[in-house]
Amino acid sequence: MSRHYPFCLSTLPTVFFAASLALLMPASVSPLHAETAPQQTAQQAALSDHAKTENKTEKKPSAESAPPQAAQTVAVNPAAQKGITGKAIDKVKEVAKSAGDIFSRVPCLPPKGGSKSMGSLPHVASKLVAGQPVVIIAFGSSSTAGYGATSPDFNYPNRLAAQLRRQYPTADISVVNAGKGGEDAPEMMKRLQTAVIDMHPDMVIWQVGTNAVLRNLDPGETAKLVEEGITRIQAAGADVVLIDPQYSPRINEHAESAGKMMTLLNKTAELRKVGIFPRFAVMKDWHEKQSIPIENFVIADGLHMSDWGYACFAQLLGDDIIKSVGQIKLGVNVPADVRAYRPM
């Protein structure tokens, strides 16, 4: 009896044809190559970029792709490690340089006539003395978020953080930016718990009142909300510094409301024994006493601060924070009822 192998006989031509076609077909149109080629290209590009950023050091197989024996013998290239460290140092130098260069044409000077300290900052000072981490929350609206700055590095919380780290190089200082554009006291109070108190800050810098002036909100109601917020922040164990509205064309259009707002914020600061940095008065001094054109510190929208404006504001605020912390560290007795900043 003869044996038949229908499967083998019927498929042999097909297999032979497929194999022949595979030999003739260009690799670029093979389905397998079409799926993996982009991935290979991306990997090659990544390896190429990596090689360039590591000062063109010799490429080493990764621990994931190398055989087990190779993985055991792969060592960190000292030259590559030096390149990474060098880049980190260069970045620090670049930020420090940008912080200084911005004052090369227009210096950042304090208000003429001197000023009184914003008072003591006992929670921040005690943490620094104890060598413990310090958490500062910058709470506010768009000028805290940094609208108008050309880079996040140039907003005031980041500028302030850089200054404090230069002053206290061994300290662990974090400045958290909790600014949100368009808000004022009513909206800020709704997120006070989650954005501020739950972060367990040692200090809260609260910029408030600008949008209240622009929206014609009742200054008295704003002051009540701010007082309530300060009470809650203090109960959570944090120092507080208030920041009032900025001196700018848009705010100056509401001069009466702005004046009432600043008066009430100062009274609230006195009542709750907290510091207040008078941004409006400081910026007004820039223009009227130091003869700095408004366009040097306010952008074209007539409201938000420029890189220079944020930088000088942060510098002066940082100077006062450092001075206030220094009073505690040096044992200077600061009366509890003297905590409000008084310029000029």
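The values are calculated or read from the model by the stated rules, or taken from the named source; none is laboratory data. Worth saying up front: this structure is predicted, and the values here are computed from it rather than measured. Note: ideal-geometry Cβ built from the backbone for every residue, glycine included; neighbour counts use all protein chains shown. Ligands, DNA and RNA are excluded from the accessible area calculation, which covers all protein heavy atoms including side chains. Shrake-Rupley method; radii C 1.70, N 1.55, O 1.52, S 1.80 Å.
The Cα-based radius of gyration of segment 144-189, divided by its Kirkwood radius, gives an Rg/Rh of 1.07. For residue 150 and residue 232, the FRET efficiency from 1/(1 + (r/R0)^6), where r spans their Cβ atoms and R0 equals 51 Å, is about 0.90.
Taken per residue, the accessible surface of segment 132-274 reaches 41 Å², heavy atoms only and a 1.4 Å probe. What is the percent of Cα-Cα separations in segment 110-199 that go past 19 Å? Distances greater than 19 Å cover 53 percent of the Cα pairs. Peptide packing: for 206-218, 231-243, the average count of neighbouring Cβ atoms within 10 Å per residue gives the ranking 206-218, 231-243, highest mean first. All alpha carbon pair distances within segment 274-326 were sorted into 10 Å bins beginning at 0; the resulting P(r) in whole percents reads 24, 51, 21, 4. A compact globular protein would have a Cα radius of gyration near 2.2 N^0.38 Å; the ratio found for segment 208-253 is 1.33.
The fraction of accessible area contributed by carbon and sulfur in segment 155-278 is 51 percent, rounded to a whole number (1.4 Å probe; ligands and nucleic acids excluded).
Note on residue 290 and residue 170: the model spin-label points, each 7 Å out from Cα along the C-beta direction, lie 3.3 nm apart. Distance between the 7 Å Cα→Cβ label points at residue 322 and residue 129: 2.1 nm.
Estimated at the nearest 10 Å², the accessible area of residue 323 is 100 Å² with a 1.4 Å probe. When the pairs 260/284; 190/284; 112/323; 127/190; 180/224; 224/260 are compared against a 25 Å limit on Cα-Cα distance, 190/284; 127/190 fall above it. Taking Lys and Arg as +1 and Asp and Glu as -1, the other residues whose beta-carbon sits under 12 Å from that of residue 187 total +2. Seen through its C-alpha gyration tensor, with square-root eigenvalues sorted a ≥ b ≥ c, segment 169-316 comes out oblate because a/c lies at 1.5 or above while a/b is not bigger than b/c. Sequentially through segment 154-160, phi angles give Karplus couplings (6.51, -1.76, 1.60; θ = phi - 60°) of 9, 6, 5, x, 5, 4, 5 Hz, Gly and Pro residues having no value and appearing as x.
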